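Here's the structure, in structure tokens; my notes come after.
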Amino acid sequence: MITRKPPRSRKRTVHTVDMWTYGVPAALERGWNALVYDGPGQGQLLFVDRVVFTPTWERVVTPLVDWLTARSDADSRKIALTGLSMAGDLAPRAAAFETRIAALVAMPGCVEPWLGFPPEIRKILTPDKQQTNDIWNKEVVPELPPDAADVMKKRFEPFSVPAMLEARQGKLFTDFYTPANLIKALSITDVVGRIKAPTLVLDYEGEQFYPGQPRRMYDALTSPKDYLKLTAAQGAQLHCSPMAPQLHCEVVFDWLDQTLGP
């Protein structure tokens, strides 16, 4: 989350280390303030406080906006919300309900995180918890190669405290039903149309997790909007363009400067 600083204010940065390269230096260089936070399902809130992702991300963002608007070194009229990776779903959800967001960037846009899992994984989920977990534990887990099991441990971590704790012990979670339903609940297809803020939707050539979803979000938006796909020719392919954070930031802040102005 970033805000324009008013005249003669000094720069302040609240940050987590992992997010530093995806916006904080670029924000400060361009005269923005930057606020980076651990939300539910991330960082300390997950691994220490044991709080998983929540579908109602506006409850996370609104207190942050309250905090920002009370400060003298932030321009409350120019608060931008950026969301990287899963936050390409969460940030738009927040912006659908938090009207003080002046600009939104989804990196990449995502409307249904559950579709980011392979079809053979999604079909495990049934309406019945016991049946679902029996399929998972008796039919799927015994056939999972070690590398696939490791991927599942990591991907389900932010949605289940038991899964996270079991992964710490090198074990694969046994309750598939509960985190799978939480992931499904993160769908924002029914609220994207509520977003009023100008929105930049990023996409990436070779996007591994949410292919096609950035365009779906862009098409569903009714607010002023732009769509940009970063490419392999730019060295910015794959989910969140991990090999080109500087280009990534340049694109985002060029758009923010143009959208919100000095």
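The values are calculated or read from the model by the stated rules, or taken from the named source; none is laboratory data. For clarity, every value in this text was computed on a predicted model and none was experimentally measured. Cβ atoms come from the backbone with ideal geometry, glycine included; neighbour counts cover every protein chain shown. The accessibility values were calculated without ligands, DNA or RNA, using every heavy atom of the protein model including side chains. Shrake-Rupley method; radii C 1.70, N 1.55, O 1.52, S 1.80 Å.
Okay, here's what the table says:
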read-out: Residues satisfying the stated conditions in segment 74-84, i.e. more than 16 Å from the chain's Cα centre (by Cα), over 12 Å from residue 35 (Cα atoms) and not basic (Lys, Arg); value: 75, 76
read-out: Only listed residue being closer than 15 Å to residue 82 by Cβ and free of Cβ contacts under 8 Å to residues at least 60 places away in the same chain, chosen from 251, 201; value: 251
read-out: Residues located in segment 85-116, provided they are under 14 Å from the mean Cα position of the chain (by Cα) and either open to solvent by 30 Å² or more (accessible area, probe 1.4 Å) or among the aromatic types (Phe, Trp, Tyr) (or both); value: 85, 93, 112, 114
read-out: Qualifying positions in segment 190-199 - closer than 29 Å to residue 119 by Cα and either of a type outside the set (Val, Ile, Thr) or under 15 Å from the mean Cα position of the chain (by Cα) (or both); value: 190, 192, 193
read-out: Residue list for segment 18-56, filter: open to solvent by 60 Å² or more (accessible area, probe 1.4 Å), closer than 30 Å to residue 162 by Cβ and of a type in the set (Phe, Trp, Tyr); value: 47
read-out: Segment 150-162 residues that are closer than 12 Å to residue 46 by Cα, paired with ones that are among the hydrophobic types (A, V, I, L, M, F, W, C) and open to solvent by 20 Å² or more (accessible area, probe 1.4 Å) (beta carbon under 7 Å, 6 or more apart); value: 157/167; 158/52; 159/52; 159/182; 160/52; 161/52
read-out: Condition met for residue 59 (in contact (Cβ under 8 Å) with a residue 60 or more places away in the chain, of a type outside the set (Ser, Thr, Tyr) and surrounded by fewer than 20 Cβ atoms within 10 Å (Cβ to Cβ)); value: no
read-out: Candidate set: segment 63-84, residues that are farther than 23 Å from residue 251 by Cβ and among the basic types (Lys, Arg); chosen: the one surrounded by the most Cβ atoms within 10 Å (Cβ to Cβ); value: 71
